[in-house]
Amino acid sequence: MSETAFTESEERQSLRKEVAKLASGYGREYFVKQARTGGKTKDLWLDMGKHGYLGVAVPEEYGGGGGGIGDLAAVCEELASMGCPLLMMVVSPAICGTIIARFGTEEQKQRWLPGIADGTLTMGFAITEPDAGSNSHNITTTARRDPDSSEGGWVLKGRKIYISGVDEADSVLVVARMEDARTGKLKPALFVVPTDAPGFEYQPIEMEIVSPEKQFTLFVDDVRLPADALVGDENAGLMQLFAGLNPERIMAAAFATGIGRFALAKATDYVKGREVFGAPIATHQAISHPLAQSHIEIELARLMTQKAAALYDAGDDFGAGEAANMAKYAAGEAACAAADRAVQAHGGNGITTEYGVAGLLVASRVTRIAPVSREMILNFVGSHSLGLPKSY
Ligand SMILES: Cc1cc2nc3c(=O)[nH]c(=O)nc-3n(C[C@H](O)[C@H](O)[C@H](O)COP(=O)(O)OP(=O)(O)OC[C@H]3O[C@@H](n4cnc5c(N)ncnc54)[C@H](O)[C@@H]3O)c2cc1C
């Protein structure tokens with residue numbers, strides 16, 4: 001192994017610096033103000049797109065930078081570390097961009113990828129359903145051939161929950177099921193559904209997260225779609241879906257470590273300045289040790305995220321699967337601990353709106369639940385990595 005195996009390339013490091021610089025021009029104040037006033041982050045999003053950061057992993061021939069998921073994860077982490085964690089980074093360029101780039105037809109790639117890359121087109125992703133929850137094999141949103149369409153169109157029907165950014169999205173990549181003509185069993189398939197399609201409705205869910213990005217319930221009521229709304233092969237939906245899951249987990253891990261870094265930076269800064277017994281509270285190990293612990297946990301999570309991204313970008317989907325799950329787990333735990341310790345280190349100020357730390361408790365908590373919960377990752381590691389029996 002070369003001496004530099006644990007160091008990111010100079011190119012990646014300068015990408016991080018550039019993104020952090022752009023994001024710091026917006027910063028936490030901007031993000032929170034937009035969240036509290038019902039505003040959006042469209043200007044930041046478009047700025048990111050204009051500079052090539054959203055499309056860094058989109059192939060060059062479709063307007064992207066031709067980089068890998070490691071580059072996109074670095075962008076997501078740096079944004080979050082500056083107080084602007086954008087969930088739609090996980091969804092639009094990472095999940096949707098990857099699935100379309102890998103499995104879309106030439107025409108679909110040309111239609112959607114340039115917009116995803118420059119931010120002028122945002123795509124949501126909808127798999128979660130109220131009754132299926134973590135058991136996505138149980139989803140019931142169904143797709144069938146449209147009997148009134150002479151061109152092989154589709155009709156979609158079902159319901160989704162907790163779908164991020166639908167109000168900002170032009171379309172949503174919806175995971176549905178259709179009947180396998182050979183086996184009669186239901187198999188997953190992916191459809192791009194425009195958010196203004198007749199029969200497609202969405203309602204915001206009141207959430208306690210301080211973020212301009214909102215979550216929605218989707219009602220898909222006999223939505224009619226053209227034949228080419230189906231992305232990829234209708235017989236390989238599961239494999240295609242899995243191809244989007246590794247990038248999703250790697251991005252969620254980067255999102256979480258970014259939040260952790262932001263929380264830790266705030267806490268470190270605060271404890272150096274706050275004096276109670278005649279010296280900065282940072283001199284007490286009860287204050288400094290938990291922060292040092294967080295620094296270690298975040299660095300470990302970043303390392304695993306980089307490993308997962310490196311495996312994925314090298315084409316090792318299987319190896320990346322285990323590492324991406326572990327990275328997401330470690331990053332979620334590190335982010336939650338960092339937010340909790342940051343609040344504690346701030347004392348009463350930790351709960352005030354002015355210091356803006358308490359809001360990180362919920363934001364970090366999301367990274368333990370979504371896109372896959374810590375328990376489901378432990379199930380995966382127990383059965384896949386350790387060969388232990390499954391409980392379900
Ligand atoms: C802010 C936010 C944004 C989201 N954005 C999107 C999005 O854009 N698109 C999308 O499709 N979804 C999205 N989700 C949904 C998210 O992926 C789900 O919330 C998540 O997968 C968990 O599913 P659930 O909420 O139904 O929990 P449940 O499945 O009901 O689980 C509840 C609890 O039970 C545990 N549990 C369940 N089964 C087991 C088991 N077998 N063993 C051990 N423990 C178990 C879980 O770990 C969890 O702790 C979002 C969620 C949030 C909070």
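If you take every DSSP beta bridge whose two residues both sit in the chain, what share of them, in percent to the nearest 5, is antiparallel?
85 percent
Which of the listed residues, Ser164, Ala236, Leu72, is farthest toward the dipole's positive end in the chain, when Lys, Arg count +1 and Asp, Glu count -1 at the beta-carbon?
Most positive-ward Cα: Ser164.
Calculate one ³J(HN,Hα) per residue across segment 108-124 by plugging θ = phi - 60° into the Karplus curve 6.51 cos²θ - 1.76 cosθ + 1.60, and present them in order as whole Hz with x for glycine and proline.
Along segment 108-124, the couplings run 5, 4, 5, 6, 10, 5, x, x, 5, 5, 9, x, 7, 10, 10, 10, x Hz.
Just subtract the alpha-carbon distance of Glu107 and Thr217 from 0.36 nm times their residue separation and send over the number in nm, one decimal.
Difference between extended and current length: 36.6 nm.
What FRET efficiency do you get for Phe318 and Glu354 if R0 is 45 Å and r is their Cβ-Cβ distance, rounded to the nearest 0.05?
0.40
To make sure I understand the rule: partners must be lysines, Cα under 23 Å from the Cα of Lys187, and not fewer than 8 residues away in the same chain. Which ones qualify?
List returned: Lys157, Lys160, Lys390.
Calculate, for segment 28-80, the solvent-accessible area per residue in square angstrom, rolling a 1.4 angstrom probe over the heavy atoms of the protein chains.
Accessible area per residue: 40 Å².
Treating only the Cβ of Lys, Arg, Asp and Glu as charged (+1, +1, -1, -1), what charge dipole size does segment 141-231 show about its Cα centre? Round to the nearest 20 debye.
620 debye
Explain nothing, just the number: dipole magnitude of segment 86-141 about its Cα centre with +1 on each Lys and Arg Cβ and -1 on each Asp and Glu Cβ, in debye rounded to the nearest 20.
Taking the Cα centre of segment 86-141 as origin, the dipole is about 140 debye.
Read phi for every residue in segment 266-278 and hand back ³J(HN,Hα) as whole Hz from Karplus 6.51 cos²θ - 1.76 cosθ + 1.60, θ = phi - 60°, with x for Gly and Pro.
Listing the rounded values in order: 5, 5, 4, 4, 5, 5, 6, x, 7, 10, 10, 9, x Hz.
Of all the Cα-Cα pairs you can form in the chain, what percent are over 32 Å apart?
The proportion of pairs with Cα distances above 32 Å equals 34 percent.
Step through the residues of segment 196-208 one at a time and calculate ³J(HN,Hα) from phi using the Karplus curve (6.51 cos²θ - 1.76 cosθ + 1.60, θ = phi - 60°), rounding each to whole Hz and writing x for Gly and Pro.
Values per residue, Gly and Pro as x: 9, 5, x, x, 9, 10, 9, 10, x, 9, 5, 10, 9 Hz.
Gap in Å between the Cα centre of segment 69-85 and the Cα centre of segment 96-129?
About 20 Å separates the Cα centre of segment 96-129 from the one of segment 69-85.
Subtract the Cα-Cα distance of Leu388 and Ser134 from 0.36 nm times their separation in residues, and report this length gain in nm to one decimal. Please report the intermediate quantities before stating the final value.
Details: separation 254, 0.36 × 254 = 91.44 nm, distance 1.97 nm.
Gain on stretching Leu388 to Ser134: 89.5 nm.
Subtracting the Cα-Cα distance from 0.36 nm times the residue separation, let me have the gained length for Glu201 to Asp167 in nm, one decimal. Write out the running numbers ahead of the final one.
Working: separation 34, 0.36 × 34 = 12.24 nm, distance 1.04 nm.
Answer, rounded to one decimal: 11.2 nm.
At a Förster radius of 22 Å, what calculated FRET efficiency corresponds to the Cβ-Cβ distance of Arg144 and Leu238, to the nearest 0.05? Please list the in-between numbers first.
Values: r = 18 Å, r/R0 = 0.84.
Plugging the Cβ-Cβ distance into 1/(1 + (r/R0)^6) gives 0.75.
Around Leu121, what is the net charge, scoring Lys/Arg as +1 and Asp/Glu as -1 over all other residues with Cβ under 12 Å from its Cβ? Before the final figure, lay out the partial values.
Details: positive: Arg111; negative: Asp118, Glu168, Asp170.
With Lys, Arg at +1 and Asp, Glu at -1, the neighbours total -2.
Pairs Lys17/Lys40; Lys17/Lys50; Lys17/Lys266; Lys42/Lys109; Lys33/Lys307: which exceed 28 Å Cα-Cα?
On the way: Lys17/Lys40 24 Å; Lys17/Lys50 17 Å; Lys17/Lys266 19 Å; Lys42/Lys109 23 Å; Lys33/Lys307 35 Å.
Pairs exceeding 28 Å: Lys33/Lys307.
Under 5 Å between amide hydrogens, which residues at least 5 positions from Asp146 or on another chain qualify, with H placed 1.01 Å from N in the peptide plane?
Amide H to amide H, under 5 Å and 5 or more residues apart or across chains, Asp146 pairs with Gly153, Trp154, Val155.
First measure r as the distance between the Cβ atoms of Glu10 and His51, then evaluate 1/(1 + (r/R0)^6) with R0 = 22 Å and state the FRET efficiency to the nearest 0.05.
The value I calculate is 0.75.
With +1 on each Lys and Arg Cβ and -1 on each Asp and Glu Cβ, how big is the dipole of the chain about its Cα centre, in debye rounded to the nearest 20?
Details: 37 positive and 49 negative charges, 202 e Å.
Its charge dipole is roughly 960 debye.
Put +1 on the Cβ of each Lys and Arg and -1 on the Cβ of each Asp and Glu in the chain; which of Gly260, Val271, Cys84 then has its Cα farthest toward the positive end of the dipole?
Value: Val271.
Label points 7 Å out from Cα along the Cβ direction at Thr183 and Gln344: separation in nm?
Going by the 7 Å Cα→Cβ label model, 4.9 nm.
What order, most packed first, do the peptides 83-91, 204-212 have when packing is the mean number of other Cβ atoms within 10 Å of each residue?
Values: 83-91: 25.3, 204-212: 14.4.
Ranking the peptides 83-91, 204-212 by packing returns 83-91, 204-212.
Please list, in chain and number order, the residues 5+ apart from Leu121 or on another chain whose amide H is under 5 Å from its amide H, with Hs placed from the backbone.
Residues meeting the criterion, in which the H sits 1.01 Å from N, are Ile116.
Between segment 237-314 and segment 315-392, what's the alpha-carbon centroid distance in Å?
Rounded to whole Å, the Cα centres lie 10 Å apart.
Would you work out which of Gly319, Ala345, Gly382 lies farthest towards the positive end of the dipole of segment 265-392, given +1 charges on the beta-carbon of Lys and Arg and -1 on that of Asp and Glu, about the Cα centre?
After comparing all options, I get Ala345.
Give the long-range amide H neighbours of Lys214: residues separated by 5 or more places, or on another chain, with amide H under 5 Å away, using H modelled in the peptide plane at 1.01 Å from N.
Hits under the 5 Å cutoff: Gly165.
Could I have the simple spin-label model distance between Val276 and Asp228, label points 7 Å from Cα toward Cβ, reported in nm to one decimal?
With each label point 7 Å from Cα toward Cβ, the separation is 6.4 nm.
The values are calculated or read from the model by the stated rules, or taken from the named source; none is laboratory data. Every value quoted in this text rests on a predicted model; they were computed, and no experiment measured them. Here the Cβ is made from the backbone with ideal geometry for all residues, glycine too, and neighbour counts use every protein chain on show. All accessible areas refer to the heavy atoms of the entire protein, side chains included, with ligands and DNA or RNA removed. Shrake-Rupley method; radii C 1.70, N 1.55, O 1.52, S 1.80 Å.
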